[in-house]
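Below is one structure, written out as structure tokens; the observations come after it.
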Amino acid sequence: EPTMMASSSRPMVQPQQPNKTQRPKRKHSADLSLFTRFLLVLLGATLSIIWYMIAMAEMATTQQHRASFFNQASDCSTKSYYRGPSKSYTTNNNPSRKQLLRQVHSTDELMQPYHLLTIAIDSRHSCPDLCTFVHPLLPSWVRYRQLHFNSEVDLAEILKDDHGHVIVVARTNIVNIANWAVARRTNHTNTTSSDGVPTTGLFHNADERFHKGEIVDVYDKFDYVLRQYYQRDEDGKFHGYTLHALGNYTCGTKQQSLPLSETESGPRWGIHYVPLNAHTVDVQLLHHATSNYPTSLRPTNCSFIGRADVKRSKHERENMKIAVEEHGAELNCTVTYTGAFATGNSKFEYFNYDISQAKIGLSPRGSAIETHRLTELLRMGSVPAIVAEDYLFATFKSVPGIIAEDWPGVVQSMKKYLAEEREVLAANQIGAGTNMSKLEMLSREGTKFYRDLEACMMADMDFILKGAFGLLSG
């Protein structure tokens, strides 16, 4: 009875048989799942291809921008990199672009052949810890060493077995050094050595007084001469020689034909004037040329820090002081006189406060016609204010700056530039403009000029050394 009751109240459920009509439905779902997965895979592949195409397009754009940057690196873009007699070393690339590419694509450069060079420095008068030397201008295919000597006898002993190329850095004793260079060449030709004839270049360092006795008929005994300080006689010559600024051979409009013929006076690979670099190439100067602070935002109109009693240019500095003080309130210049050369503020303060905070930098003569101050101003974006000298117009392009025949003229020009900048800034504020003042343009031109000058000098040095090493033919 209990069983019957349960059965009546809760009917027994029979096991359900599989429905044959549902089987095709499951198969259809499986097919749909496979199709969906196929679509997802196809979509993923399509997205990957699109991403790859976008990446390639961005890479191409980056290459175009970089190429555009290289092409705009120098005014020398239409000049030949080498203008020597050898066609094998001729290319249409400008020197600045070539130097930039050399830094970016340097893998092959590590494996290229090289040539050894010795830089021999006369310890007696050549101030190796202060003066500008030639090694920053050397090309990548040169491996150099520096050594010091105390006399010509010492030099001959040190280099008695060296038949390679030597650059002698010296301030005086040039006659004796020239005679050593001749003897070095003569002694080698009298031997049966298979080495090439040794060549010698001269870097006439800090010749502030243009000592004629160490120049005339002396420079001819070297294969080439680099010298600091530029001078031009009334006939346009330099003691009878042709003197060109280094960099003009590559980037100048009037090139000297090199090598010189046997009928021309002077060393075979020319005499080249090397402009002074900064007195100390400090870390503060190692920045991009376009990163200097705008002149419109600099708090000081003009500045000067240096000696007031330089014997060889004392009167000029007095004239500068008088001309500036006559317009003191209007010019707002900061002038500081020190007791000795390269003293006063620290290098950090000098570069970051005295120079980079001034729109204009006063640049009078120093112990010589040219001073290190000019380059320091150019590199820090402070517009040089300077009395006209021949060396300012000797380089491939005239030095950008405020230049006049005397200090009263310089001061008058400074006032005009400062007034024009105030007018431009006032007009920009009224009309929300972005016009650039002439003073700001001079500042930018100055930093670009020095950047291009370095590239042009390196290109010239490359060519001169190829000639001295005997690597040019034709």
* Structure fact -> Amide H proximity to Thr300 below 5 Å, modelled H, separation 5+ or other chain, gives Lys359
* In whole Hz, what ³J(HN,Hα) sequence does the range 384-391 give by Karplus (6.51, -1.76, 1.60; θ = phi - 60°), x for Gly and Pro? -> x, 10, 8, 7, 4, 9, 4, 5
* **Accessible area of the range 218-265 divided out per residue, in Å², using a probe of 1.4 angstrom** => 46 Å²
* Asked: In square nanometres, what is the average projected area of the Cα convex hull of the range 330-408?
  -> 5.8 nm²
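Just subtract the alpha-carbon distance of Asp162 and Lys415 from 0.36 nm times their residue separation and send over the number in nm, one decimal. Intermediate results must be reported in sequence, preceding the final value.
Values: separation 253, 0.36 × 253 = 91.08 nm, distance 5.83 nm.
Additional length available on full extension: 85.3 nm.
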* Per-residue HN-Hα couplings for the range 38-50, Karplus 6.51 cos²θ - 1.76 cosθ + 1.60 at θ = phi - 60°, whole Hz, x for Gly and Pro? -> 5, 5, 5, 4, 5, 5, x, 5, 5, 4, 5, 5, 5
* Computed FRET value (nearest 0.05) for Ala404 with Ser261, which takes r as the C-beta separation and R₀ as 56 Å -> 0.85
* So, how do all the Cα-to-Cα distances of the range 308-443 break down into 5 Å bins, in percent, from 0 on up? -> 2, 9, 18, 22, 21, 15, 7, 3, 2, 1, 0
* Asked: Looking at the square roots a ≥ b ≥ c of the eigenvalues of the Cα gyration tensor of the range 379-419, which shape do they give, rounded for a/c under 1.5, prolate if a/b is larger than b/c, or oblate?
  -> oblate
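Based on the mean of other beta carbon atoms within 10 Å per residue, what is the order of 410-421, 304-315, 45-56, most packed first?
410-421, 304-315, 45-56
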* **Paramagnetic reach from Glu326 (point 7 Å along Cα→Cβ, amide N under 18 Å) across the range 363-396** => 363-364, 385-388
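Step through the table entries Lys321/Lys347; Lys237/Lys311; Lys237/Lys466; Lys359/Lys438; Lys212/Lys311; Lys415/Lys438, compare each Cα-Cα distance with 18 Å, and write down the pairs that go over it. Could the numbers behind the result be given before it?
Numbers: Lys321/Lys347 24 Å; Lys237/Lys311 27 Å; Lys237/Lys466 26 Å; Lys359/Lys438 12 Å; Lys212/Lys311 21 Å; Lys415/Lys438 12 Å.
Cα-Cα > 18 Å for Lys321/Lys347; Lys237/Lys311; Lys237/Lys466; Lys212/Lys311; rest within.
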* Asked: Expressed in nm to one decimal, what extension gain is obtained for the pair Val197 and Glu318 from 0.36 nm per residue of sequence separation less their Cα-Cα distance?
  -> 38.3 nm
* Val182 versus Ser123: modelled label distance in nm, points set 7 Å from Cα along the beta carbon direction -> 2.8 nm
* Return the FRET efficiency for the residue pair Leu147, Thr242: r is the Cβ-Cβ distance, R0 is 25 Å, and the value is rounded to the nearest 0.05. => 0.20
* How big is the gap, in Å, between the Cα center of the range 313-330 and the Cα center of the range 227-241? -> 30 Å
* Structure fact -> Relative contact order as a percentage, the range 387-474, C-alpha pairs under 8 Å and 6+ apart, gives 24 percent
* Integer Hz, Karplus 6.51/-1.76/1.60 couplings in order for the range 160-165, x for Gly and Pro -> 5, 9, 9, 9, x, 8
* **Extent along principal axes [Cα atoms of the range 373-462; Å; largest to smallest]** => 52, 31, 18
* **Amide H contacts of Thr338 (H built 1.01 Å from N, under 5 Å, at least 5 apart or other chain)** => Gly306, Arg307, Ala308
* To do: For Glu389 and Tyr52, calculate 0.36 nm times their separation in residues minus their Cα-Cα distance, and state this gained length in nm to one decimal.
  => 115.4 nm
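Give me the 1.4 Å probe accessible area per residue for the range 353-448, excluding ligands and nucleic acids, in Å².
Working: 3860 Å² over 96 residues.
Ligands and nucleic acids excluded, the result is 40 Å² per residue.
The values are calculated or read from the model by the stated rules, or taken from the named source; none is laboratory data. Just so you know, these numbers come straight off a predicted model, no measurement behind them. Virtual Cβ from ideal backbone geometry, glycine too; neighbours counted across all protein chains shown. Keep in mind that these areas ignore ligands, DNA and RNA; they rest on the heavy atoms of the full protein, side chains included. Shrake-Rupley method; radii C 1.70, N 1.55, O 1.52, S 1.80 Å.
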